[in-house]
Amino acid sequence: MIRHYIIGEPIETDSVVLNIPVETGEIPGFVLDPGAKTIRHRMDSEDVIYGLGETVRGMNKRNWLYISNNTDDYMHTEGKHSLYASQNFILVFSPRASFGLYVDTPGRVTFDLGYTDPDVLEIRLDDFDANLYLVQDSTLPGIAHEFRQLVGRSYIPPKWAFGFGQSRWSYRTEKEVEEVADRYQKEGIPLDSIYLDIDYMDHYKDFTVDEQAFPDFTDFCAEMKKRGIHLVPIIDAGVKMEDGYDICEEGRKGGYFVKDEDGNDLVAAVWPGKAHFPDFMKPETRKWFGEHYRFLLDQGVDGFWNDMNEPAIFYTEKHLNEVFRRIDELKGENLDIESFSELTSLVGGLSNNPEDYRSFYHTYMGKTYRHDKLHNLYGYLMTRAAGEAFRTLCPDRRILLFSRSSYIGMHRYGGVWTGDNRSWWEHLLLGMQQMAGLNLCGFLYSGSDMGGFGDDATEDLMMRWLEMALFTPLYRNHNAKGNRFQELSAFAHPERFRPIIELRYALLPYIYSEFMKAALRDGMYMMPLAFQWPDDRRAVETEDQLLVGESVMIAPVYRQNASGRYVYLPEDMMLLRMRSWNDYDEIQLSEGDHYVKAELGEVLIFIRKGHVLPLCHPAANTAALDYSTIRYICNGGCPEDYELYNDDGITPVKDPFRA
Ligand code: GLC
């Protein structure tokens, strides 16, 4: 059951697809304090809080402070409060009565989940205006399901998007891309996609291709596709300011850009230097921007990643001039601790500055809003622009689309990746934990940069990351400029990775089937153990294992130099210790604690009692998978009872909410 309450005069976000009548009166279990702009709930000592999508720390979000304020922060340490997304749904799992709460407001929201007072869940709104949805059901999967019905069906990518993808900032030329493909082919490692980061563009201009580097992009796309490889270019939010550049000119003429205080197009910098920012809040801007994806679609591209859409701002022109002025004043002074700190923070404070986010304006639903009031919608609506355009530009095929910044509602148009993580063991674990919150908020198609984006990956970290993410829908190796090359062929023993990637392909019938059933039925694809064993406290407190679909539990090794780990089994299970898709041990384990060995290159997959796991022969890419080779590993279950979903992986699946 869903109850809808309104506080103040909320700004509509279009994140909800059901029309739930508004209730007046108190919200059961909550105390509202309009003066303090808070909503409070007293927690039981055993209460566990799930949700909030992509955030730092574990799956149980209790005892930390999370601030919904989409931020381009490339240092995801556990002291942080905000990352790139605002996914304001929490599920309070309580022995009294569990419930979900969706706080639908595009401004800043603080979720104080026992940070100030360990017994109190307090939600603070910068503006006391919001749609609140209280979701009740007797089970955790039931609450998740009700919520997902409220916000609409999750985005479904093409099937090839579940294959392995290779990315780096950046492959600059045709030749570099070809070399990546060649090396994978030489090593016999399956591959479905290669990502094009900002350098494929002409001077970082959206909807352009550097013609020197890619002299015939259409031919090149076709040639790569013949090899089974899809090219996935990045699109950034900022539009380079340049006379004669069609997107910039059209945006200016059409009034499509956000405005500064004086009513001029905002000038702020990102990759190309000075840029304008599309006002994605306006339907006409979305239509205009969305249609430009055609430029790449027409050349054979069928996937995109939308980036820098918090939006990230290196500096605004106005702020930069102020900083230069102050630096001029400081020149020649003896810089003591105060003035030296001032100097460093002047420069350091240029990027993503809160004041800058209060200095420009949008037109939204016929009204003018200062950006910070709508901030968390920006990435969502950029991605909506693309998603909506695809429905008319290519109605017959699915297009891969995922975004860095997001808000609930965006999950209907695209997936997310979790941004600029690091080649750290703790981020390997974080990447898994974030999947629980993301699934709950509807972002089924998601994943983190495998191997880590920043810093240098070692061969063992890369291997463990590929193992951990074996079932993660987005399975992409990406890393940043300046760091050690991270293509699997760049390590000392590329051949050691082959069995893992092959295993991913062998598991694809299961991964795709379970993902699609979760998407089509508003269910969870990856979930914490509490969703299955709510009465087992040990299961509830398990933070490093996940359920994937109906048959599988994963328990990856995420510590350096470890050759095994402790696992908690809430029931008897069959352990598959897999060295490859056709070389594995089947071990029956009884409920309870176990130490299980898993050398580097060995994956631990647990099959639940009464369940089965389909496996097929691996292939060079998803299109080449042969379902007739599927066989089942059974732990008491019957293959005939397993509902194997499959389709052509290309044709859009009918959307019940937008026929
Ligand atoms: C941002 C993205 C990253 C990308 C880089 C260059 O940092 O998060 O994935 O590689 O920009 O485009």
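Please work out which one of (1) assigned to a helix (DSSP H, G or I); (2) away from the ligand (no atom under 16 Å from the Cβ) is the condition L191 fails and give its number. Single failed check for L191: (1).
The residues of the range 392-435 that are under 27 Å from L150 (Cβ atoms), of a type in the set (D, E, K, R) and within 16 Å of the ligand (Cβ to nearest atom) amount to a single one, R404.
Which one of the conditions (1) under 20 Å from G379 (Cα atoms); (2) within 16 Å of the ligand (Cβ to nearest atom) does L231 fail to meet, given that it meets all the rest? Evaluating L231 over (1) under 20 Å from G379 (Cα atoms); (2) within 16 Å of the ligand (Cβ to nearest atom) leaves (1) as the failure.
I'd like to check something: does the range 120-130 contain any residue that is free of Cβ contacts under 8 Å to residues at least 24 places away in the same chain, over 22 Å from L381 (Cα atoms) and surrounded by fewer than 22 Cβ atoms within 10 Å (Cβ to Cβ)? The answer is no; no qualifying residue exists.
Taking every residue in the range 170-185 that is free of Cβ contacts under 8 Å to residues at least 60 places away in the same chain and pairing it with any residue that is β-branched (V, I, T) and assigned to a helix (DSSP H, G or I), at least 6 positions away or on another chain, the pairs with Cβ-Cβ distances below 6 Å are Y171/V177.
If the requirement is being over 30 Å from L644 (Cβ atoms), surrounded by fewer than 18 Cβ atoms within 10 Å (Cβ to Cβ) and without any contact (Cβ under 8 Å) to a residue 40 or more places away in the chain, which of these qualifies: D456, D460? It would help to see each step written out before you state the result.
Working: D460 fails: without any contact (Cβ under 8 Å) to a residue 40 or more places away in the chain.
None of the others qualify; the one that does is D456.
Here V552 qualifies as more than 21 Å from the chain's Cα centre (by Cα) and either among the aliphatic types (A, V, I, L, M) or at positive phi (or both). The residues of the range 327-354 that are outside any helix (DSSP H, G or I) and closer than 19 Å to K274 by Cα, listed by number, are G349, L350, S351, N352, N353, P354. Do you know which residues across the range 253-283 are surrounded by fewer than 22 Cβ atoms within 10 Å (Cβ to Cβ) and small (G, A, S)? G254, G255, G263, A269, G273, listed by residue number.
For the criterion of being in contact with a helix residue (DSSP H, G or I) (Cβ under 7 Å, 6 or more places away or on another chain) and closer than 18 Å to V177 by Cβ, P233 passes. Looking only at the range 11-51, count how many residues are closer than 24 Å to K373 by Cα, small (G, A, S) and over 31 Å from the mean Cα position of the chain (by Cα). Selection size over the range 11-51: 2.
The set of residues in the range 52-85 being within 19 Å of H375 (Cα to Cα) and buried (at least 24 other Cβ atoms within 10 Å of the Cβ) consists of L52, G53, E54, T55, Y66, S68, N70, L83, Y84, A85. When each of G442, G409, G419 is tested for being within 21 Å of Y378 (Cβ to Cβ) and buried (at least 24 other Cβ atoms within 10 Å of the Cβ), the lone residue that passes is G442.
For the range 27-55, the tally of residues that are closer than 15 Å to R148 by Cα and not in a strand (DSSP E or B) stands at 2. Within the range 355-367, the residues that satisfy the criterion of being in a loop (DSSP other than H, G, I, E, B) and touching a residue at least 12 places away in the same chain (Cβ under 8 Å) are E355, S359, M365. Count of the range 381-410 residues, restricted to those that are in a helix (DSSP H, G or I) and either within 25 Å of L231 (Cβ to Cβ) or in the same structural domain as G51 (by TED's automatic domain parsing) (or both), is 13.
Scanning the range 471-498 for residues that are among the hydrophobic types (A, V, I, L, M, F, W, C) and away from the ligand (no atom under 12 Å from the Cβ) turns up F471, L474, F485, L488, A490, F491, A492, F497.
Evaluating D626 against the criteria (1) farther than 20 Å from R227 by Cβ; (2) exposed (fewer than 13 other Cβ atoms within 10 Å of the Cβ) leaves one unmet condition, (1).
Annotation note: Cβ proximity below 6 Å between a residue of the range 258-278 that is free of Cβ contacts under 8 Å to residues at least 40 places away in the same chain and part of a strand (DSSP E or B) and a residue that is within 15 Å of the ligand (Cβ to nearest atom) and of a type outside the set (A, V, I, L, M, F, W, C) (sequence gap 6+ or interchain) occurs for A275/G238; A275/K240.
Regarding L488, is this residue at pLDDT 95 or above, hydrophobic (A, V, I, L, M, F, W, C) and under 20 Å from L613 (Cα atoms)? So L488 does not fit the description; no.
Yes/no per residue for (1) surrounded by 20 or more Cβ atoms within 10 Å (Cβ to Cβ); (2) out of contact with any His (no Cβ under 6 Å at 6 or more places or on another chain); (3) assigned to a strand (DSSP E or B):
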{"residue": "I511", "(1), (2), (3)": "yes, yes, no"}
{"residue": "A530", "(1), (2), (3)": "yes, yes, no"}
{"residue": "A562", "(1), (2), (3)": "no, yes, no"}
{"residue": "Y595", "(1), (2), (3)": "no, yes, yes"}
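Restricting the search to the range 31-45, which residues are in contact (Cβ under 8 Å) with a residue 60 or more places away in the chain and in contact with a Lys or Arg (Cβ under 9 Å, 6 or more places away or on another chain)? Hits for the range 31-45 are A36, K37, T38, I39, M43. Assessment of the range 12-26 against the conditions (part of a loop (DSSP other than H, G, I, E, B), touching a residue at least 24 places away in the same chain (Cβ under 8 Å), touching a Ser or Thr at 6+ places or on another chain (Cβ under 8 Å) and surrounded by 19 or more Cβ atoms within 10 Å (Cβ to Cβ)) yields at least one matching residue.
Let's see how each residue does on (1) in contact with a Phe, Trp or Tyr (Cβ under 6 Å, 6 or more places away or on another chain); (2) among the aromatic types (F, W, Y); (3) over 20 Å from T55 (Cβ atoms); (4) at pLDDT 95 or above:
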position: A130; (1), (2), (3), (4): no, no, no, yes
position: T139; (1), (2), (3), (4): no, no, yes, yes
position: R168; (1), (2), (3), (4): no, no, yes, yes
position: V177; (1), (2), (3), (4): yes, no, yes, yes
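Does Y155 qualify as being more than 16 Å from the ligand (Cβ to nearest atom), touching a Gly at 6+ places or on another chain (Cβ under 8 Å) and either of a type in the set (D, E) or touching a residue at least 60 places away in the same chain (Cβ under 8 Å) (or both)? So Y155 fits the description; yes. Just so you know, in the range 159-188 the residues that are in contact with a helix residue (DSSP H, G or I) (Cβ under 9 Å, 6 or more places away or on another chain) and within 16 Å of the ligand (Cβ to nearest atom) include one that is farthest from M463 (Cα to Cα), and it is R172.
Checking each residue in the range 49-82 for being within 16 Å of the ligand (Cβ to nearest atom), out of contact with any His (no Cβ under 7 Å at 6 or more places or on another chain) and within 12 Å of S405 (Cα to Cα) picks out E54, T71, D72, D73, S82.
Annotation note: of G379, G387, the sole residue that is over 23 Å from N60 (Cα atoms) and crowded, with 24+ Cβ neighbours inside 10 Å is G379.
Scanning the range 64-94 for residues that are under 21 Å from M527 (Cβ atoms) and of a type in the set (S, T, N, Q), which turns out farthest from the chain's Cα centre (by Cα)? Restricting to residues being under 21 Å from M527 (Cβ atoms) and of a type in the set (S, T, N, Q), the top hit is S94.
The values are calculated or read from the model by the stated rules, or taken from the named source; none is laboratory data. From a predicted model like this one, the values you see are computed outputs, not experimental measurements. As a convention, Cβ positions derive from the backbone with ideal geometry for all residues, glycine included, and neighbour counts pool all protein chains shown.
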